[in-house]
Amino acid sequence: MKKILLVIALVFSSVYLCANDQETIARYYRQLKRLNEDQLKIMLFSYKVGLEYDLGYALTAVAWKESNFGKYLINISDGKEGAYGVYHILLDTAASRNKLKTAWDRSRYAERLIFEIDLCADEAITELLYWKKYFKRTSTPWKAMFAGYNAGSKGMKSVAGKAYADDAILRVKALQWYFKEKGLEERLSATKAK
């Protein structure tokens, strides 16, 4: 009897989660339809730049989740030294990767992350590719990649990392829906091939 109740509970909870996910995806889709011109440019830039690394939707989802496509470029409470740019690159991580030793170098790099979207995208791609490789043996490497982007090596073991990844996946689905409706994926993929 307990097993039957458990199976019934699992079935109903998975149906609820699917319905809840569909509502979230629909809400995100509506948000995409309300983006301003600058946000649309960042969305399309992120997708196009990410395509070369098979990260088109992933990089776009990160730009959306981190800065609302460039609306919020600084988060001083993230990491030890804050997060900067469209993809909220952690300054302490970027400084370590780029061997920035002085406060002046770090400050200047933070400024560049804010104003040079190509540099910021390169940093985000490097980070995503690192976590994609780091978690390649997991059962859900893409989801774990998003979790790593947010929570580092804790990945899906971190509550915050798992929540970030779950949300990023829903944003990817909304982006896929939006891009398909607008015919953007085909057009942008065609320009990549040229």
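The values are calculated or read from the model by the stated rules, or taken from the named source; none is laboratory data. All values derive from a computational prediction rather than experimental measurement. Cβ placement follows ideal geometry from the backbone for every residue including glycine, while neighbour counts extend to all protein chains displayed. SASA here: full protein model, heavy atoms, side chains in, ligands and nucleic acids out. Shrake-Rupley method; radii C 1.70, N 1.55, O 1.52, S 1.80 Å.
Points worth noting:
- Selected residue (only one of 144, 110 is open to solvent by less than 30 Å² (accessible area, probe 1.4 Å), under 23 Å from residue 48 (Cα atoms) and not in a loop (DSSP other than H, G, I, E, B)): 144
- Hits in the stretch 56-83 (condition: assigned to a loop (DSSP other than H, G, I, E, B) and open to solvent by 10 Å² or more (accessible area, probe 1.4 Å)): 68, 70, 71, 72, 73, 76, 77, 78, 79, 80, 81
- Candidates 112, 97, 106, 27, filtered to the one that is closer than 20 Å to residue 178 by Cα and basic (Lys, Arg): 27
- Among the residues of the stretch 140-153, those that are closer than 17 Å to residue 78 by Cβ and in contact with a helix residue (DSSP H, G or I) (Cβ under 6 Å, 6 or more places away or on another chain) comprise 146, 147, 148, 149, 150, 151.
- Of all residues in the stretch 43-54, those that are in a loop (DSSP other than H, G, I, E, B) have Cβ atoms under 8 Å from Cβ atoms of residues that are β-branched (Val, Ile, Thr), 6 or more apart or on another chain, in 53/125.
- On the stretch given as the stretch 91-107, residues that are more than 15 Å from residue 75 (Cβ to Cβ) and either assigned to a helix (DSSP H, G or I) or in contact (Cβ under 8 Å) with a residue 40 or more places away in the chain (or both) total 8.
- Within the stretch 87-103, if we keep just the residues that are loosely packed, with under 12 Cβ neighbours inside 10 Å and of a type in the set (Gly, Ala, Ser), the residue that is nearest to residue 42 (Cα to Cα) turns out to be 96.
- Selection within the stretch 32-48 - surrounded by 16 or more Cβ atoms within 10 Å (Cβ to Cβ) and either closer than 14 Å to residue 171 by Cα or of a type outside the set (D, E, K, R) (or both): 32, 35, 39, 42, 43, 44, 45, 46, 47
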